[in-house]
Amino acid sequence: MRIENFEAFVKIAHLRSFTQAAEECFCTQATISQRIKNLENYYKTQLLDRVGRDVKLTVAGQRVLPHCEAVIKAIRDSKNELVILNKLSTGELNVCSSNTPGTYILPQALSDFHLLYPSVNIESQIKYAKDVISEVSYGRECELGFVSQPAETGLDDKKLHFEPLLRDRLTVIVSPQHPMVLTKWEGKTSIPLSELHGLSLLTSNRKSTTVKNVERTSGTKVNFKQVVALGSMEAVKKAVELNTGVAIASHFLIQDEVKKGRLLSFSIDDVFINRYIMLVHRKNVSLSPVARAFIKKLKEDLIANYPKLYCGFSGQTGSNSNI
C-alpha cells in the first residue's frame, strides 16, 4: 500500500473536501479519488460518504483514521532518523558532568553511543557542578552538562534549562567493621543524623554542600570529630572500606561495593531531599543533531537500567552541589 493513499484519506478526513485535499496533495481530483478507492479496496470497506458537497467519514473511516495518521507519522519519523544518521557521520559530542553522573551514569551511554556512531568524536569532562553549570551557561566547549543536585535550593539562571533524569538519594556509608555497626547499627537500614556526632567524616572536597544540605533538611547540626577531604569519591570509598571514617554519598556511587559486602549503606531518618541527576543545556539554543541523538540514547539506557528512578518529565531547578 502506497503512502500517498493514506495521505489522501487523512487530508480529506480533515478538510472534508476532495478539491482542497487534491490541491494540498498536488494532484487532480481524479487522482485523489483513485487513491481513496485503492485504500477502500485494501480495507474492503467504504471509508467516506459523499452527501452533496459534504464529505463525511463512515464508522469504518473513523476507526481507521488514527491508524492511517500513525502510518504517515511512522514513515516520516523513519526518514528523519535517516537524515539524522547521515548528519552524524561526522561531528563532535562535548559533555561535562559532576562526579556522580560522569563516573557512574554516563559511561555506559557514551559507550553505546560510540558503537552506534563511531565517527563522532566524544569528549567527556568531570568537574565540580558549579563549573559544569558555568561551562554550559557561557557556551564554552560543553554543549550538554550533567549534575547531581537537590531541587530545593534552586538556581536562578534564566539562560539554562534543567531537566531531571533520575531520582537520587543520599546514604551514609561505612565499613562493615565500623564500631557503630558492631555496637549500634547492626541490622538497621536507616539511622538518625545525630548518631554521626563525634565520627570522622570523609569527603571528596571541603567545598561540598552535601552535608550542609542534609543538616538543613533534617534541622540537625552534626559535630564531626574531624573532616577529611580526599580529593575524589573513589578515594573516599576506599578509605571508608579501610574503616577510616564514614561518608555521605549518592547511592549510585556505592552499588557495587554494597553488593560485594565491602560497604554498608544506611538511609538517613527525617532527611527528604528531592535530589536528581540533571541534564543541563542552554535555553533558546538549538541543540546539534549529535547532542539530540545522545540525549535520546541516554534516556533509552536510563529507562532500561533504572525504570523506577527515571523521572520522565521536564522541569527547571538547580543548585551548587558538588557531588
Could you check the simple spin-label distance between LYS221 and ARG206, using points 7 Å along Cα→Cβ, in nm with one decimal?
1.9
Going highest first, how would you order 255-263, 94-102 by mean Cβ packing within 10 Å?
94-102, 255-263
Two-decimal ratio, the range 226-293, of alpha-carbon radius of gyration to 2.2 N^0.38 Å:
1.59
Mind checking the log10 I(q)/I(0) for the range 170-268 at q = 0.25 Å⁻¹? Debye, one equal scatterer per Cα, no solvent, two decimals.
-1.65
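So for the chain: antiparallel DSSP bridges make up what percent, rounded to the nearest 5?
On the way: 26 of 42 bridges.
Percentage antiparallel, nearest 5: 60.
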Specify the residue with the greatest mean-square fluctuation among MET233, MET278, MET180, computed from a Gaussian network of the chain linking alpha-carbon atoms under 10 Å apart.
MET180
Would you please name the trypsin sites (Lys or Arg not before Pro) within the range 19-79 that are DSSP coil residues with at most 15 other C-beta atoms within 10 Å of their C-beta?
LYS44, ARG53
Taking the dipole about the Cα centre of the chain, with the C-beta of Lys and Arg at +1 and of Asp and Glu at -1, give me whichever of GLN46, SER124, SER78 is farthest to the positive side.
GLN46
Any number yet on Rg/Rh for the range 13-73, C-alpha, Kirkwood?
0.94
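Find how much the distance from ASP269 to THR90 grows on full extension, using 0.36 nm per residue of separation minus their present alpha carbon separation; answer in nm with one decimal. Numbers along the way, then the final one.
Working: separation 179, 0.36 × 179 = 64.44 nm, distance 5.01 nm.
Once the chain is fully extended between ASP269 and THR90, it gains 59.4 nm.
Contour minus end-to-end for GLU81 and ARG50, with contour as 0.36 nm per residue of separation and end-to-end as the Cα-Cα distance?
7.3 nm
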Show log10 I(q)/I(0) for the range 33-109 at q = 0.16, 0.22 Å⁻¹, two decimals, from a solvent-free Debye sum over equal Cα scatterers.
-0.77, -1.05
Cα-based Rg and Dmax for the range 155-211, in Å, come out at 16.5, 51
Please work out how much length the chain gains when fully extended from ARG169 to PHE26, using 0.36 nm per residue of separation minus the C-alpha to C-alpha distance, in nm with one decimal.
45.8 nm
Cα-derived Rg over Rh, computed across the chain with Rh taken as Kirkwood radius:
1.19
Euclidean distance between Cα centres, the range 249-299 to the range 93-134, Å
12
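A short reminder: the numbers here are calculations on the coordinates, not readings from a lab. This structure is a prediction, so every number in the text was calculated from the model and none was measured. Counting neighbours? That spans all protein chains shown, and the Cβs are built from the backbone with ideal geometry, glycine included.
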